[in-house]
Structure formats: C-alpha cells, structure tokens
1. I need every pair where a residue in region 75-91 that is more than 11 Å from Leu23 (Cβ to Cβ) has its Cβ under 9 Å from the Cβ of a residue that is open to solvent by 20 Å² or more (accessible area, probe 1.4 Å) and outside any helix (DSSP H, G or I), sequence separation at least 6 or different chains.
2. Would you check if Leu368 is in contact (Cβ under 8 Å) with a residue 12 or more places away in the chain, more than 18 Å from Ala383 (Cα to Cα) and among the aliphatic types (A, V, I, L, M)?
3. Can you confirm whether Asp392 is at pLDDT below 75 and assigned to a loop (DSSP other than H, G, I, E, B)?
4. Contact list please: Cβ distance under 7 Å, first residue in region 242-263 and under 17 Å from Thr292 (Cβ atoms), second residue aliphatic (A, V, I, L, M) and loosely packed, with under 15 Cβ neighbours inside 10 Å, pairs at least six apart or on different chains.
5. When region 212-253 is examined, which residues are found to be open to solvent by less than 40 Å² (accessible area, probe 1.4 Å), among the hydrophobic types (A, V, I, L, M, F, W, C) and not in a helix (DSSP H, G or I)?
6. Go through region 173-197 and report how many residues are part of a loop (DSSP other than H, G, I, E, B) and open to solvent by 60 Å² or more (accessible area, probe 1.4 Å).
7. Would a scan of region 175-185 turn up a residue that is small (Gly, Ala, Ser) and within 33 Å of the chain's Cα centre (by Cα)?
8. List pairs: first residue in region 293-322 and on the phi > 0 side of the Ramachandran plot, second residue hydrophobic (A, V, I, L, M, F, W, C) and at pLDDT below 85 anywhere in the structure, Cβ distance under 6 angstrom, at least six positions apart or on different chains.
Amino acid sequence: MPLVPRGRGLRDPDLRDRLYELLEHDPLAYSAGSRFIQLIIGVIVLDVVAMTLASVPDLDAQFGPLFSAITILAVIVFALEYAARLWTVAGHTPQKGSALADRLDYVFSALGIIDLMAFLPAAIVLATGRHATLAALGVLPFFKLIRYSPAMRSLLAAIHAERRALIGCIVILFGVVLTFASLLYAIERDVQPDKLGTIPQAMWWAIVTLGTVGYGDVVPVTALGKFVSVFAIVSGFAMIALPVAIISTAFAEEVKRRDFVVTWGMLARVPLFSHLSAAEIADIMRLLRARTVEQGEILVRRGDVASSMYFITAGEVEISLPSQNVRLADGTFFGEIALLHKTKRSGTVTATRKTRLLVLDAQHFHALIERMPTLAAHVHKTAKARLEETGDLAATELAQAERKDGGGAG
C-alpha cells in the first residue's frame, strides 16, 4: 500500500500550483505568502550582514563559527527556494510550452540567474574550505531583493527600456574622453611623459576629470593644458546630467505605468466594473485611490459621517451591524448605502486580514452615479437588497435621514 495517496505526491499538479501561488502570488490576500516573503528577506539581510561582518578580522576570529552557520543556513534556504521555483514554474509561463522549456526559461532569466548566484558561489566556497572568500560574495544575495522590491524592479525596467539611449550616452562619453585625452596628450606629453606620455594614460585623467572626481594624481601643468581642463570639467557636468535625466524620466514613467496596471488589475477584480468600457474604466481610475489596511484595523466606525465608498480587491472585512455581522471578500463593495441616503455609518468595518481597497470619495461617488446610469442602477439595486436582507442601515438612521429631507423640502 503506498504511503502517499494517488495524485498527492510530488507529481500532483494541485500541490505544484499551490506551491507556485505561495512563491509567486501577490501576498496581500494570502498570509502564508506574506510570511514566506518576510522569511526570505530576513534570511537575505542576515546573510549579507554576516558576510560583511566576517570581513572584519577581530569579529571573524570571535564569531567565525556563527557567521559560517548563518551562511550555511542561507545556502540551504536559497537552494531549496531555487529548486521549488524550478519545479513549480512548469505550466505557469506566458508561452505555455513544455515543462522543460518553461524551466529553461526560468534558469536563463535574469531573476533565475540571480536566484542561482545567491547560493551557488557560496556553496562552492564552503565546499572548498576557502571561508575568507565568503565576505567577497556578500553582495550576491542582496540582489535577490529585486524580486521583492517593486522600486528596484521598476528601476531595472526603466534602464532596460532606455538601454539604447544609455548606450548612446556611453558612446558619446567615450568620444569625449578620447577627444580630451588626445588634446592633453598632444599638449603635455613632453612635459609629463611619466603621466601623460601615452593616450591611454591621458584617458585616465580625462575620465576622472569628466566625472568631476579629480583625484589630483594627474593634472596639467601648462597654461594650454589647464585651459583644456576647464572645458573638460564643464563637459563633465553634461556627461553626468544626460544619463541621469534619461533614467529619472524613464523611472517616473515606469512607476506611473506600474500604478496604472496595478489599479486596472484591481478594478478588474470588482464585478461592478466588469461591464464597463475601457474609456469608462479609465475615467473611474482617476477618481479612485488605493488603500491597504492591516489585519484587525478598523476602517470605519458606526456613527461616523459617511465620506467614502470602498471596493475590496484583495482580502476580507467584517461589518458589525446592530443585528448581525457580515463578511465581505474580494470583488465586493460597501459604504454605498450611507452615501446614497446621506446619513451616518450604520456599522463598524474591521479588516479580518490584510486587505487592499479602492476608495471612492463621496463627491466623486455622486458625480459618478449621475454620469453613469447603468452603474447607478447596479449600486441602487445592491443597496436595496442589502437593506432588505441584512439590515445594513439601521431603521432609525433611515428615518432620521427621511425627516431631514422632508424638513428641507418643506
């Protein structure tokens, strides 16, 4: 009799899919994935700190075994993570190719190479016994943070998007370096043959001058050489400003693009917006703002003035009403009844786990339902159903709102 039930071993596709979700899925709505990411980041930080401190002879002599133990732990954790990613990636790539092709794509991808280099060199060094070399490898695990840092991924994406412009900057820089190096070589080769006797030697001066570093180990001594240096220094400002401007602009655009994609993806999870056109969704996106609440955090309290409507894109909240408690999960919305009746909140809303929301302010809510009749009809229908089924709004508050409206009309 087999120890593992049929379909539940390592060949079980459900197990592989669940492990892939743990490794790759957005962790906001999945606490296990969030804890896994925190574990990996903790190991990365611990490993980098240990390798850095191991380069200090006094600390290495005192805590050497501890640093080695941390490195061994990190190698094991990173190796297991790499093996898990290699196993689970099959069938989860956009190409939808064979399992071997999917795994090879991961192995030769940028993130796959980073994952491999985070543990393989350290494992080889540990196996060969050259522990002093470990400190030089301390920076390699740090690059694994790229996977978990949206800012770092955005920066790399910006550099990749502007790679042609940046290569052009490098070509221009090389040309400027060669030009100033040739000029100073022609001017000062006889005066300083030991420092500027060849063009390659003069190129070192040109590089540090254009970089506005100016070590002072090589400087012109003739009047004409100093005159050329002035133009080299001024040109250096342009050489620095050009790539910085390109990268900063591309980075800002990448962040905007990523925010747009994230917000669009969040809207797509809300069934209320599923029937809208792309233009209407883009119009709504300008009115919404994203918000993330932690588990146990109170979002609104009973009796508060209604100022917003909320859409849940990931997570879950619990609404404590006078008569019962109601739980709402992904794709649902709440807060529309108090806005429609212009009254106070009838319940206290608490996040039961880490939850991502889209918030629509009251003035934008009323403008939106006036501009989109279909959307308004759906909101009114949902609000009516909740009043009938859950008592989402207390009857006394409705009566107060109606009396206020009646007094105003009279």
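1. Between residues of region 75-91 that are more than 11 Å from Leu23 (Cβ to Cβ) and residues that are open to solvent by 20 Å² or more (accessible area, probe 1.4 Å) and outside any helix (DSSP H, G or I), the close pairs are Val75/Phe119; Ile76/Phe119; Val77/Phe119; Phe78/Phe119; Ala79/Phe119; Ala90/Ser98.
2. no
3. Values: at pLDDT below 75: yes; assigned to a loop (DSSP other than H, G, I, E, B): yes.
In short, yes.
4. Thr263/Ala290
5. Within region 212-253, just Val218 meets the criteria.
6. Residues flagged as part of a loop (DSSP other than H, G, I, E, B) and open to solvent by 60 Å² or more (accessible area, probe 1.4 Å) within region 173-197 amount to 3.
7. Let us first name the residues in region 175-185 that are small (Gly, Ala, Ser), namely 175, 181-182.
The next check asks that each one be within 33 Å of the chain's Cα centre (by Cα); those that pass are none.
Looking for residues that are small (Gly, Ala, Ser) and within 33 Å of the chain's Cα centre (by Cα), one finds none in region 175-185, hence no.
8. Note: pairs meeting the criteria are Gly315/Ala29.
The values are calculated or read from the model by the stated rules, or taken from the named source; none is laboratory data. Since the model is a prediction, treat every value here as computed from it, not as a measurement. A quick note on method: Cβ atoms are made from the backbone with ideal geometry, for glycine too, and the neighbour counts reach across all protein chains shown. Just so you know, the surface numbers come from the protein's heavy atoms only, side chains and all, with ligands and any DNA or RNA stripped out. Shrake-Rupley method; radii C 1.70, N 1.55, O 1.52, S 1.80 Å.
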